[in-house]
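Have a look at the structure below before the remarks.
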Amino acid sequence: MSRNNKWIVKNKIAEQIKKGLSLLTADALISKKGNVQEGDIIHIVDEREHFVAKAYYGEQNKGIGWVLTTDKQTKIDESFFKVTLKKAFNRRATFYQSEDTTAFRVFNGEGDGIGGLTIEYFAGYYVINWYSAGIYTYKQDVIQALESLVDFHAIYEKKRFKQKGAYIEDDDFVTGTRGEFPIIIKENNMNYAVDLNDGAMTGIFLDQREVRKAVRDTYVEGKRVLNTFSYTGAFSVAASLGGAVQTTSVDVAKRSLPKTKEQLQVNNIDDEQEKIHVMDVFEYVKYARRKKLVFDLVILDPPSFARTKKYTFSAAKDYAKLVSEVASITEKNGIIIASTNHAAQSMKQFKAQLNKGLNKANISYQIKEEYRLPEDFRINQHDPQSNYLKVVVLELM
Ligand code: SAH
């Protein structure tokens, strides 16, 4: 760290930082002084060069760094990480005590005071996600803080920053006693198999916990359920346990077939009775139309962006088309649960897209429910993109 690293930000941005904004973007800067390396602590100053905050430099797709404190006296050292992590863990006390749910997010980036860093807990194991080479330079501090604050079987890590273009696939084990994967975690008493050392993903996206619960408890009894972009079939498990007559899971990735079977099996669901298609969702809709298949409940949970051999799906551009396509295989009074994690889009913009798609298909509907991130995915109100998850439950009419 060099004391000479100084970034001058526009006064307007300086004011926002004082109020709580933590993400730094390149266009907020007027000038940079010092030869800054990833991970360096930078003094953010206003146009008159008055101190505003301390931040670290870390390149992510979202921005170029994160504010860590607006207090000039606070040192960014091992103790800073310990205090910040401890506060976050204390906020999750009720999650730690739960017997029904044994997996949750214990540290959520800018929502808990350190952007670019998230930590999840899976039944005694911790997984750290590093989103930039900059935050990764603090690995020792974060590991030491974890070791001093909590008991664990083992810590794993995911390096989610670009080095020669991609997620860095290697052994993700950090310390402790290696797990034998899959381990089974509980979520509202449903079982999910997770593997913490198998590439970028673990087998479950914890941010959909409340939506899975709603699917199981409210929307599926006696229903035919279609789960699109199904990944490991987490929603299909919830649907089947909630009394769906049949679930159909559709995902283009080959691994989704064995992974979905596994998730069903660890819940004692007969996987032979459920349908799993390794297929592009848009192809599946055509297939279903030909076969005259209709569904009472359709779950849409696509990635923000994905490219398959035939199609490119971009949530920002293609969601209207997606919803109008699936509406054509949804029962007249059926339900569509539409979800997006596209951070740059607001709830209002997302709803406008759904409206456009359904209007085009000449279908009227009402919005029954909306979901945002669960409590453990703590957001920073001053960084709107941290509130990325938007889920709308639509009833067709
Ligand atoms: N809904 C899932 C998470 C989805 S992750 C859950 O609840 O856990 C996104 C998934 O979309 C990936 O598994 C990816 O393989 C799949 N995918 C991306 N583009 C697709 C497409 N055009 N058709 C089908 N699946 C697609």
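The values are calculated or read from the model by the stated rules, or taken from the named source; none is laboratory data. Just so it is clear, the structure is predicted and the values come from calculations on it, not from any experiment. Ideal geometry is used to build each Cβ from the backbone, glycine not excepted, and the neighbour counts take in all protein chains shown. Keep in mind that these areas ignore ligands, DNA and RNA; they rest on the heavy atoms of the full protein, side chains included. Shrake-Rupley method; radii C 1.70, N 1.55, O 1.52, S 1.80 Å.
The set of residues in the range 112-134 that are open to solvent by 10 Å² or more (accessible area, probe 1.4 Å), part of a loop (DSSP other than H, G, I, E, B) and among the hydroxyl-bearing types (Ser, Thr, Tyr) contains only 131. Please determine whether any residue of the range 160-169 is closer than 20 Å to residue 63 by Cβ, loosely packed, with under 14 Cβ neighbours inside 10 Å and over 21 Å from the mean Cα position of the chain (by Cα). Scanning the range 160-169, I find at least one residue that is closer than 20 Å to residue 63 by Cβ, loosely packed, with under 14 Cβ neighbours inside 10 Å and over 21 Å from the mean Cα position of the chain (by Cα), so the answer is yes. With a requirement of 1 or more residues that are within 9 Å of the ligand (Cβ to nearest atom), modelled with pLDDT under 95 and open to solvent by 20 Å² or more (accessible area, probe 1.4 Å), the strands (runs of 3 or more DSSP E) lying completely within the range 246-307 that satisfy it span 305-307. In summary, strands (runs of 3 or more DSSP E) completely within the range 1-62 and bearing 1 or more residues that are open to solvent by 20 Å² or more (accessible area, probe 1.4 Å) and under 26 Å from residue 387 (Cβ atoms) occur at 29-33, 51-57.
Taking the numbered list (1) in a helix (DSSP H, G or I); (2) modelled with pLDDT of 95 or more; (3) not polar (S, T, N, Q) in turn, residue 316 passes all entries but (2). In the range 181-237, of all residues being away from the ligand (no atom under 14 Å from the Cβ) and among the hydrophobic types (A, V, I, L, M, F, W, C), the one that is most open to solvent (accessible area, probe 1.4 Å) corresponds to 184. When you look at residue 72, is it farther than 21 Å from residue 131 by Cβ, under 28 Å from the mean Cα position of the chain (by Cα) and modelled with pLDDT of 95 or more, yes or no? No. Mind listing whichever residues of the range 308-321 are more than 9 Å from the ligand (Cβ to nearest atom) and either closer than 23 Å to residue 396 by Cα or surrounded by 14 or more Cβ atoms within 10 Å (Cβ to Cβ) (or both)? Matches in the range 308-321: 314, 315, 316, 317, 318, 319, 320, 321. Of the residues 169, 180, the single one that is among the charged types (D, E, K, R) and either modelled with pLDDT of 95 or more or part of a strand (DSSP E or B) (or both) is 180. Take residue 135 and tell me if it is at pLDDT 95 or above and under 21 Å from residue 24 (Cα atoms). Yes; evaluated as a whole, the condition is true for this residue.
Taken over the range 241-269, the criterion of being out of contact with any helix residue (DSSP H, G or I) (no Cβ under 7 Å at 6 or more places or on another chain) and closer than 16 Å to residue 190 by Cβ is satisfied by 243, 244, 259, 262, 266, 268. Of everything in the range 322-339 that is in a strand (DSSP E or B) and surrounded by fewer than 19 Cβ atoms within 10 Å (Cβ to Cβ), the residue that is nearest to the ligand (Cβ to nearest atom) is 331.
For residue 84, the test of being open to solvent by less than 80 Å² (accessible area, probe 1.4 Å) and either small (Gly, Ala, Ser) or assigned to a helix (DSSP H, G or I) (or both) is passed.
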